[in-house]
1. From the list Ile125, Ile138, Ile97, Ile74, exactly one residue is away from the ligand (no atom under 14 Å from the Cβ), in contact with a Leu (Cβ under 7 Å, 6 or more places away or on another chain) and among the aliphatic types (A, V, I, L, M). Which is it?
2. Looking for whichever is hydroxyl-bearing (Ser, Thr, Tyr), touching a Phe, Trp or Tyr at 6+ places or on another chain (Cβ under 7 Å) and either crowded, with 18+ Cβ neighbours inside 10 Å or within 24 Å of Arg147 (Cα to Cα) (or both) here; the options are Ser107, Ser103, Ser41, Ser60. Which one fits?
3. For the stretch 1-107, which fully contained helices (runs of 4 or more DSSP H) count at least 2 residues that are closer than 22 Å to Trp130 by Cβ and charged (D, E, K, R)?
4. Considering each residue of the stretch 101-116, count those that are of a type outside the set (A, V, I, L, M, F, W, C) and either under 15 Å from Met43 (Cβ atoms) or touching a Pro at 6+ places or on another chain (Cβ under 9 Å) (or both), and give that number.
5. What number of residues within the stretch 1-55 are away from the ligand (no atom under 16 Å from the Cβ), of a type in the set (Val, Ile, Thr) and more than 16 Å from the chain's Cα centre (by Cα)?
6. I'm checking my understanding of the structure. Among residues of the stretch 56-106 that are of a type in the set (Lys, Arg) and over 17 Å from Val117 (Cα atoms), which one is nearest to the chain's Cα centre (by Cα)?
Amino acid sequence: MTPLSHAALPIIIAAAVDCRHIARTGAPMVNRWHILAIGISGMLPDVLDPHVLLSDRLNSWTHTGWFMGLVTVICLGAARRVPAHHRPALLLCCMAICLHIVSDLLSGGVALFPPFVGVVGDYYIPVRYWLHIDLVTIVGAYLLCWRSRHLLRAVGRKI
Ligand SMILES: [Zn+2]
């Protein structure tokens with residue numbers, strides 16, 4: 001999938017979780033800077049090791065289970081040190097990075113644990129649908145962010 005959907009997909013999840021949190025507690029779980037960080041995190045594996053061809057992705061160090069494990073350990077360690085109101089966003093950033101690799105696994109494959117486990121996945125999501133997925137995820141992310149802001153206004157919180 002493209003970096004746009006890699007950014008928008010975790011934002012959809014974060015905004016949906018935030019909407020539920022606002023509806024239950026009346027308080028937001030993430031702010032707009034958190035949403036931005038989650039979107040950037042979703043693109044991070046492609047930003048750290050840019051590539052165009054699938055063969056380059058299959059040799060990319062940022063598209064492995066090792067990288068997911070490293071990111072998870074770093075995020076869990078950092079979550080203990082950051083202020084409590086940043087913790088959900090930090091964990092959502094970790095989720096965004098892992099979701100990127102899982103998405104790429106479904107759209108071409110990744111070399112999951114080189115050299116022990118080779119390429120996992122295939123084009124379960126064909127390339128011809130990627131732009132459609134971009135459009136749907138961007139619109140979905142926008143609508144869910146709009147919904148969370150609307151919920152905040154409804155409960156009288158400053159946005
Ligand atoms: Zn990627």
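1. Just a single option satisfies the conditions, and that option is Ile138.
2. From the options Ser107, Ser103, Ser41, Ser60, the qualifying one is Ser107.
3. Working: elements: 3-25, 32-48, 54-57, 65-79, 87-106.
Fully inside the stretch 1-107 and qualifying: 54-57.
4. Filtering the stretch 101-116 down to residues of a type outside the set (A, V, I, L, M, F, W, C) leaves 103-104, 107-109, 114-115.
Those still in the list that are either under 15 Å from Met43 (Cβ atoms) or touching a Pro at 6+ places or on another chain (Cβ under 9 Å) (or both) too: 103-104, 107.
Residues meeting the conditions: 3.
5. 2
6. By that ranking, first place goes to Arg87.
Taken together, the values in this text are just the output of simple stated rules run on the coordinates, not laboratory data. Everything quoted here is computed from the prediction, not taken from an experiment. Cβ: placed from backbone, ideal geometry, glycine included. Neighbour counts: every protein chain shown.
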